[in-house]
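The values are calculated or read from the model by the stated rules, or taken from the named source; none is laboratory data. This is a predicted model, so every value here is computed, not measured. Note: ideal-geometry Cβ built from the backbone for every residue, glycine included; neighbour counts use all protein chains shown. For the accessible areas, the whole protein counts, side chains as well, though only heavy atoms, and no ligand, DNA or RNA atoms are used. Shrake-Rupley method; radii C 1.70, N 1.55, O 1.52, S 1.80 Å.
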Amino acid sequence: MAPKFTTAQEVVAFVRERGIRAIDLRFMDFPGILQHFTIPAEELTEETFREGLGFDGSSIRGWQRINESDLLVVPQPETAMVDPFTTLPTLAMICNILDPVTRMDYSRDPRNVARKAANYLRATGIGDVCYVGPEAEFFIFDDIRYDQSVNCGFYYIDSCEGQWNRGRDERPNLGYKLRYKEGYFPVPPADQLMNIRNEMMQCLIDCGIEVETQHHEVATAGQAEIDLRFDELVRMADKLVTYKYVVKNVARRHNKVAVFMPKPLFGDNGSGMHCHLSIWKDGQNLFAGNRYAGLSEIALYAIGGLFRHAAALCAFTNPTTNSYKRLIPGFEAPVNLAYSRRNRSAAVRIPMYSASPKSKRIEFRCPDPSANPYLAFAAILMAMIDGIQNKIDPGEPLEKDIYDLEPEELEKVPKTPGSLEAALEALRRDHEFLLRGDVFTPDVIDTWIWYKMSREVDEIRQRPHPYEFCLYADI
C-alpha cells in the first residue's frame, strides 16, 4: 500500500528510512502541462516545506515577466508518492507556488485557483466539499508523427488495432482490427491493449490512487478509459495530474504513446472527460432529493448554473482548438445544453446506476482531457455555486434522443460554442461569476484569453490545413 503523509516531518522521516535518493518537485504550468525539477534527498528538510525553493517563473508558459521572474515552490506532504518510473529511488511531490517577496500564493498557479474555489464553497455556507469523479479518455497509439513548416504540414497516426490496417502486411496480419465506433468493448484478442491498461491501473493503485474500472472505449485504434474513484476537488485535480503521468509512462514502457488530444482521429469518437459532480454538507449529499431523477432543487439549480455559463466554461473545460473537433453532433458529443437521466446525448446526464442518496450526482459531459484540471474543476464549481445562489432554472429535462429531434425542435436547444475563439469571447463577456471570492483573478482571466488567442487560435488560423489542398488546390 502506498504511504500516506500529512506532515513534513513524516515525509522527511520516510525519505531517510526508505533510502530515497532524489526529491522531484512538480507543479502545473498555466495551460496544463506538468513541470518539475529534482533535488538530492539530503537537501530536503522540514524547512523546505516552510520556506520553499526558488525557480525561474519567466520560463513557465503564461507566468512571470523576465524582470520579475523569481517564484517559490512549496512541496505539499499529502501529495508525496514514490515515483514508479525512475531508476534512482525518488519521492515526487506536487507543490504550491508562492511569490518570494510577498509570500502570498501566486495568482496564476492553477492549484491555487482550485484551492480558492474549494474554500469559497465553504465560505458561502452552501456546502463543505465538492466531489469530482472525472472519466478521462485517451488513445494508445503505436506511432504518431507530425510536423509543420513553411511549405508542408502533416500528421500520421498508427495503431495495431486501427481499422485502416485490415489489409496491412504484418507477417502475419491476424485481423482483430476494431471497426470504427465498435471498441466498446470486446474482449481480447480484439482488445489488444488490456494488459497495458491493467498495468496502468495497478500502477495507479500502487501510487495510492483508487481506481474503479478500466476498459477499451468506443473508437478504433486503442481508445481507453480508466476511471478514478471520486474525491474532493483539489485532491482529484492532483490525482488527475498523476493519472496522466502514469498513463503516459506506462505506455512509454511498451514503446507506445498515450495521447489525450480530444479528437486525434477523423471519423471516429473523440476523447472526453465526463465529470461526475456533487456537493456535500455535514456529511449529507445536497444533490439527492425528490425532484427529477432523484435530484434535489439545489442540484437542479447547479445544472442551471452550468448551462447559463456553459459557453464561458468551455474556455477552461475544452481549452484547445482540437476540442471543437470533438464537440460536433453524431459522436455522443454533448453539444446540446440539455439534461436527462440516462441520456448520453445530453450535456448533463443523471446516472441511474444506484438508488442510494449517497451516489446521487450529475455528470457534466462537455469537458475533455486537454483541460487543466485545477482550472476546469474550479470553473465548474463556480458556475454551480452561481446557479445555486441565484436559483437558476435549468428548464425541463429532455428525454428524447436529441439527434432524432425535428429541426425546429432541435433549434430550441442551446448549444456549446463551435470554436475555441467563440468560447474565449464568451469568457471575455461572462466571467464575473469566476471572480467572486477572488477565486479567479482578473489577471488569470486576461492572461488565459491572451495566451489562448495568441499562441493557439491565431497560430492555427495562419496555417493552411492539409484538407484545404484537397478542396482548393485545383481552383
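Which of the residues that make up region 38-51 are in contact (Cβ under 8 Å) with a residue 24 or more places away in the chain and either open to solvent by 20 Å² or more (accessible area, probe 1.4 Å) or on the phi > 0 side of the Ramachandran plot (or both)?
38, 45, 46, 49, 50
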Next on the checklist: Quick test of your reading of the structure: residue 91 fulfils all but one of (1) open to solvent by 50 Å² or more (accessible area, probe 1.4 Å); (2) under 21 Å from residue 204 (Cβ atoms); (3) of a type in the set (A, V, I, L, M). Name the failing condition by number.
Outcome noted: (1)
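Just to be sure before I move on: is residue 39 part of a strand (DSSP E or B) and at pLDDT 95 or above in the structure I sent? So that I can check it myself, show each step before the final result.
Numbers: part of a strand (DSSP E or B): yes; at pLDDT 95 or above: yes.
When the stated conditions are applied, residue 39 passes them.
Taking residue 54, is it part of a strand (DSSP E or B), open to solvent by 20 Å² or more (accessible area, probe 1.4 Å) and not hydrophobic (A, V, I, L, M, F, W, C)?
On the way: part of a strand (DSSP E or B): yes; open to solvent by 20 Å² or more (accessible area, probe 1.4 Å): yes; not hydrophobic (A, V, I, L, M, F, W, C): yes.
Yes: the conditions hold for residue 54.
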Checklist outcome for this item: Among strands (runs of 3 or more DSSP E) entirely within region 72-159, at least 3 residues that are over 21 Å from the mean Cα position of the chain (by Cα) occur in 90-98, 143-148, 153-158
Checklist entry - Can you name the number of the only condition in (1) within 20 Å of residue 378 (Cα to Cα); (2) in contact with a helix residue (DSSP H, G or I) (Cβ under 7 Å, 6 or more places away or on another chain); (3) part of a helix (DSSP H, G or I) that residue 247 fails? => result (1)
Checklist entry - residue 404 passes all but one of (1) over 25 Å from residue 30 (Cβ atoms); (2) modelled with pLDDT of 95 or more; which number fails? => result (2)
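Yes/no per residue for (1) free of Cβ contacts under 8 Å to residues at least 60 places away in the same chain; (2) closer than 30 Å to residue 115 by Cβ:
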residue: 192; (1), (2): yes, no
residue: 223; (1), (2): no, no
residue: 248; (1), (2): yes, yes
residue: 254; (1), (2): yes, no
Checklist outcome for this item: Those residues of region 208-256 that are open to solvent by 50 Å² or more (accessible area, probe 1.4 Å) and of a type outside the set (Phe, Trp, Tyr) come to a total of 10
Item to check | Counted residues, region 183-207 - those being open to solvent by 80 Å² or more (accessible area, probe 1.4 Å) and in contact with a strand residue (DSSP E or B) (Cβ under 7 Å, 6 or more places away or on another chain) | outcome: 2
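Buried (at least 20 other Cβ atoms within 10 Å of the Cβ) and within 29 Å of residue 258 (Cα to Cα): is that true of residue 140 in this structure?
yes
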Next on the checklist: Taking the criterion of being under 30 Å from residue 28 (Cβ atoms), modelled with pLDDT of 95 or more and open to solvent by 50 Å² or more (accessible area, probe 1.4 Å), would at least one residue in region 355-374 satisfy it?
Outcome noted: yes
Item to check | Test set (1) under 20 Å from the mean Cα position of the chain (by Cα); (2) without any contact (Cβ under 8 Å) to a residue 60 or more places away in the chain; (3) more than 16 Å from residue 296 (Cβ to Cβ) - residue 405 fails condition number | outcome: (1)
Checklist outcome for this item: In region 427-473, residues that are under 22 Å from the mean Cα position of the chain (by Cα), open to solvent by 80 Å² or more (accessible area, probe 1.4 Å) and aromatic (Phe, Trp, Tyr) total 1
Next on the checklist: If a residue must be open to solvent by 80 Å² or more (accessible area, probe 1.4 Å), assigned to a loop (DSSP other than H, G, I, E, B) and closer than 19 Å to residue 364 by Cα, how many such residues does region 377-426 contain?
Outcome noted: 5
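Kindly indicate which of 158, 99, 128 is modelled with pLDDT under 95, among the charged types (D, E, K, R) and touching a Phe, Trp or Tyr at 6+ places or on another chain (Cβ under 7 Å).
Working: 158 fails: modelled with pLDDT under 95; 128 fails: modelled with pLDDT under 95.
Every option except 99 fails the conditions.
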Item to check | Residues of region 259-270 satisfying the condition of being of a type in the set (Gly, Ala, Ser) and either surrounded by fewer than 22 Cβ atoms within 10 Å (Cβ to Cβ) or closer than 14 Å to residue 34 by Cα (or both) | outcome: 267
